[in-house]
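All remarks here apply to the structure that follows.
Taken together, the values in this text are just the output of simple stated rules run on the coordinates, not laboratory data. This is a predicted model, so every value here is computed, not measured. All Cβ positions, even for glycine, are placed from backbone atoms using ideal geometry, and neighbour counts span all protein chains on display.
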Amino acid sequence: MNPTTSPTQPLTSDQRSVAPNTPASPAAPPSVSLQGLGLGYQAGGKLILGGVDCHVPAGTVTGLLGPNGAGKSSLLQLLGAVAVPHTGSVQLNGSNLHALRRKERARRLAFVEQSADTDLPLTVLDVVLLGRLPYRSLLAGTSDEDLGVARRSLTAVGLDSFTRRQYATLSGGERQRVQLAKALAQEPEVLLLDEPTNHLDVNAQLASMELVRNLAAGGVAVLAALHDINIAAAYCDQVIVLQEGKVEAAGPTIDVLTPDLIRRVYGVDAVVLEHPLTGRPLVALSPLPDAGPRAASASPAS
């Protein structure tokens, strides 16, 4: 912690510029990056994203922030090739992501959506092994290597004792962790996460984000849509803030998450402090004076 700064005092702009913000992977230069160039997307005749540029470099955790309806999930779907942009392109190390063969795409990029339900009688291990499909031929069975990768992935998310559990019987938080394990089993270069801490208790939230940091330290490019500003402040090297389908701000977390930006985007007052243990930004939020609840967006984006 900066010895000149009390943990209960707001950070000034000068202090914010020197507060700790160590990248997850300071050693090796980025080797893989995901870029969205001029991305536009419409749904039901409504513009959801307009001219969005974004960059997710290897070795970092990038947070995707914004209020409900800002377009976070829609942007992740474009970057994950789940949807096709109406304008612009997604580039993975200079190659058009949507032009890659599906199997190659799945080897290089994993996307964990908010929810993934199935009526099939699959065990937890069965679900995680789906992450190994990009590495198998159509008629090949499960190899010892596949089983090893799947079991290690479950251990990484703290579910190594769940291999024989029926996926359909799990809680929402447990399913979220199984889906993360499935993504780990893909051994991707890029990991996209839509609300990875959703449904998780506090301990599991922090454990999941620590795991994400470790993946980035190994060179993975991580982009995570987050609702919790303080999770982003604690774990993200950089953030992209969406507002009404456009990029409102982007850059190092400590530079972007200012009281003015938070007030402008979220409609709340904020004081940015320094965390007494980590030195990372810590955001204290309060309602604006005489402010009622914000109207819910009618947009299908989130």
**OP:** Give, as a single signed number, the net charge of other residues whose beta carbon lies under 10 Å from the beta carbon of Cys236, with Lys and Arg counted +1 and Asp and Glu -1.
**Re:** +1
Subject >> Computed [θ] at 222 nm, helices only, for the chain once each DSSP H run of length n ≥ 4 contributes -39500 (n - 2.57) >> reply: -8500 deg cm²/dmol
Subject >> Formal net charge of residues neighbouring Ile48 (Cβ-Cβ distance under 11 Å; K, R +1; D, E -1) >> reply: +2
Original post:
Anyone know which of Pro188, Pro134, Pro289 comes out most mobile in the 10 Å Cα GNM of the chain?
Top reply: Pro289
Original post:
Sorted by average packing, counted as other Cβ atoms within 10 angstrom per residue and highest first, what order do 69-82, 40-53 take?
Top reply: 69-82, 40-53
Subject >> Förster-model FRET efficiency, 41 Å R0, Ala168 and Ser286, C-beta, rounded to 0.05 >> reply: 0.50
**OP:** Report the extension gain between Ser161 and Lys246 in nm, rounded to one decimal, defined as 0.36 nm multiplied by the number of residues separating them, less their alpha carbon distance.
**Re:** 26.3 nm
Original post:
Toward the positive end of the charge dipole of the chain, about the Cα centre and with charges on Cβ (Lys, Arg +1; Asp, Glu -1), which of Leu206, Thr253, Ala217 goes farthest?
Top reply: Ala217
Original post:
What is the sum of charges around Ser115, taking Lys and Arg as +1, Asp and Glu as -1, for the other residues whose C-beta is under 10 Å from the C-beta of Ser115?
Top reply: -3
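Strictly over 26 Å apart at the Cα level, which of Lys182/Lys246; Lys103/Lys246; Lys72/Lys182 would you flag in this model?
Lys182/Lys246; Lys103/Lys246
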Original post:
Shape of the stretch 36-85 from its Cα gyration tensor (a ≥ b ≥ c, root eigenvalues): rounded if a/c is under 1.5, otherwise prolate when a/b > b/c, or oblate?
Top reply: prolate
Subject >> Overall form of the chain per C-alpha gyration tensor (a/c, 1.5; a/b vs b/c) >> reply: prolate
Subject >> Test item: Cα-centred dipole of the chain, Lys/Arg +1 and Asp/Glu -1 on Cβ, debye >> reply: 680 debye
